[in-house]
Structure formats: C-alpha cells, structure tokens
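Here is the structure we will look at.
The values are calculated or read from the model by the stated rules, or taken from the named source; none is laboratory data. This structure is a prediction, so every number in the text was calculated from the model and none was measured. Methodologically, a virtual Cβ is constructed for each residue, glycine included, from the backbone with ideal geometry; neighbour enumeration extends over all protein chains shown.
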Amino acid sequence: MLVIQIILIFFFVFAIFKVVGKYISHELAFFEALSWVFFWLLAAIVSFRPNYTVNLAKFLGVGRGADAVIYLSVALLFFIVFRIFIRLEKIEHQITKITRQDSLENKNKS
Amino acid sequence: MIFVVLPAFNEEKKIGRVIRDLFEHGFNNIVVIDDGSKDNTSLVAKTAGATVIKHVINRGQGAALQTGNEFALKQGAEIIVHFDADGQFEAQDIVSGLTRIEKDQVDVVLGSRFLDKRSKIPFLKKYFILPISRLFNNFFTGLKLTDVHNGFRIMRAKVAEKIIITQDGMAHNSQIPRLIKDYGFSFVEHPVKVLYFESGQGLKGGIKILWDLIIANFTK
C-alpha cells in the first residue's frame, strides 16, 4: 500500500467519525449524515482499491480510472457549489426579512 | 392617500432637497427608507419632514422599496410612488403621472426617459448600453418597454399588495415589470426627466442583475 493511500484512508475514516459526531449532536439531519458517510466510505474504498476505478472508467468510456474519478468529482463539486449558492440566496432573503421586521417594529414603537 | 417612497443609501447631501421639493409639490406622505446608510441620511430626511424607516444593515434598493410598500400599505395608502432619493427625478413628473393614472384608468404608471427629449442621456448609454439592456429586459419581463430599470413608478395599492419584491438588489427593476405582466395589471409608460450625475449600472452591475434573476428561479 502506498503512503498516500494510508493517509487518505485515515482522513476518510476521520471524516466519517466527524459526520457521526455531528449527527449525534443534532447538527446534521439523518439523511444528510447518511449521504456524507456513504460518500466518505466510497472515497475510502477507492483509496484502498484504486483498481476498482478501472471498471468504472471502462463503464463510462473514459481512458483511466483516475480520470473518471476526477471528472465525476468535478461534476459533483460544481453541483455542491450550486447548492451552496442557492442556500446563500435563501439566507440573504431571511436576513432581509428580519431587517425589515425590525425596522417596521422600531417605527411602530417610535 | 398618496405615499412617496424613497429608498436611500448615503444620500445626506441630496435627500433634503428632494424631500423639500416633494413637499412643495403637495406630497405630504413622504417615506424614506434609509437602507443602512453610514452617513446622516436619516437625520437629514427627518429634519426635512419625512417619515424615516431605517434598515439596520444595507439590504439593497429592492428590499428598501418592499419595506416602503409594506409601511405605506399599513398606513392606508391608495397610491404608492417610487422615487429616487438622489435628485435624478423631478417631482413635477409625479403630478403629471398621477393625472395619467386617473385619465388612462391604469393600475401602474412606469417612467421612461425615451418618451420625450428632456433627459440628456449620455451617448454610450443611449445608443449602446440601454438598447442592449432593453432587449434582455423585455425578453425577461415579457413586456415591451421603451426604458429599462427606470426607478420611477406610480402604482395603486392593489398592485403593491400583490407584487412582493423579493429581489433585494437592482434586479428588482426587472422583477417588478415581470410581476406586473404575470398578475395582468394594466400599465402605461409616462415620460419622466432623468438628471445624470452618475453612470448607473456598469457591466459588473449588469452581470450581477442577470445572475440574481437566474438564481431566483431556484429559490422559489
């Protein structure tokens, strides 16, 4: 096993523990926690057995396993960033709502 | 009852004059929404006799207009006017706009720089920026307007009750006409004079507006 594989597996196992911890402390909902555990488990498996990606690459029609992982990762990252943008927009709306409520209530009191 | 809503951000130098001019033209219900100004906009506006509502943090012109609409409606407004706080518009155009809303029996009057020759529009803006922006805006709003992102509006209370401005930033200028179309409100464009002392939305501002309009489709 390569050094990078050991480091990555340790990191992914650590990440799974963090996710479980956040679920126990109610910072993460069940489905979200499950999704993240599944993701980190998959990452750990691919790190442990990189040749599994060769089968994936063959299925997708991509040359190398590593390339298939990179392409899928980039697509997933873009999707996550998009979701974050949407979430931020919703938070901005909520901030405006609170600011408006506060300003109108202060006006009523004065 | 007519309410004039002025969204304001750091306009201490100009807002006093704008308010006094509105009073001189007979408008007594003037509401300034101080959108988190860092200067003395609120104090100047209060001293000039306007009702001031202060956003504790800056939220954007669209957000300020929605706050103004909600306040005006609670006070029993029958007609709400949107008017810029930086002195770019003329109070006399409200007078003629109000005559128009009654004469044409429409729900909304939208200001346009292009219906008369009073506005001295900078060359680049008049022949390049605004025509291109108008194309995008008309496509997005579904309305064929002669002007784009003109902040002068006169609307009946029923319009303000229905049209909830959720675009906090400058994209509200596209959202409002879009909602006018979606709700089937009748409208007419009315000539207004715009005085130029700032360049308005640059390319960066335009891209931000486009982005806000696209993102809004995913946050309904």
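So here's what we get for this one:
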read-out	value
Verdict on B:Ala171 being within 13 Å of the chain's Cα centre (by Cα) and either farther than 16 Å from B:Gly111 by Cβ or of a type in the set (Lys, Arg) (or both)	yes
Count of residues meeting criterion [touching a residue at least 12 places away in the same chain (Cβ under 8 Å) and under 28 Å from B:Phe218 (Cβ atoms)] in region A:25-59	5
Top-ranked residue in region A:73-93 [being surrounded by 11 or more Cβ atoms within 10 Å (Cβ to Cβ) and among the aliphatic types (A, V, I, L, M); ranked as nearest to the other protein chains (Cβ to nearest Cβ)]	A:Ile86
Cross-chain or 6+ apart pairs with Cβ under 6 Å, region B:38-61 first and among the small types (Gly, Ala, Ser), then part of a helix (DSSP H, G or I)	B:Ala45/B:Ile15; B:Ala48/B:Gly16; B:Ala48/B:Ile19; B:Ala48/B:Arg20; B:Ala50/B:Ile19
Conditions (1) farther than 16 Å from B:Val109 by Cβ; (2) within 14 Å of the chain's Cα centre (by Cα); (3) at pLDDT below 90: number failed by B:Asp147	(1)
Qualifying residue in region B:189-206 (condition: polar (S, T, N, Q), more than 14 Å from every other protein chain (Cβ to nearest Cβ) and either assigned to a loop (DSSP other than H, G, I, E, B) or at positive phi (or both))	yes
Filtered residues of region A:94-108 (kept if acidic (Asp, Glu) and within 7 Å of chain B (Cβ to nearest Cβ))	A:Asp102
Filter result for B:Leu179 (of a type outside the set (Lys, Arg) and under 17 Å from B:His82 (Cβ atoms))	yes
Qualifying helices (runs of 4 or more DSSP H) (wholly inside region A:22-110; at least 3 residues being acidic (Asp, Glu))	A:65-109
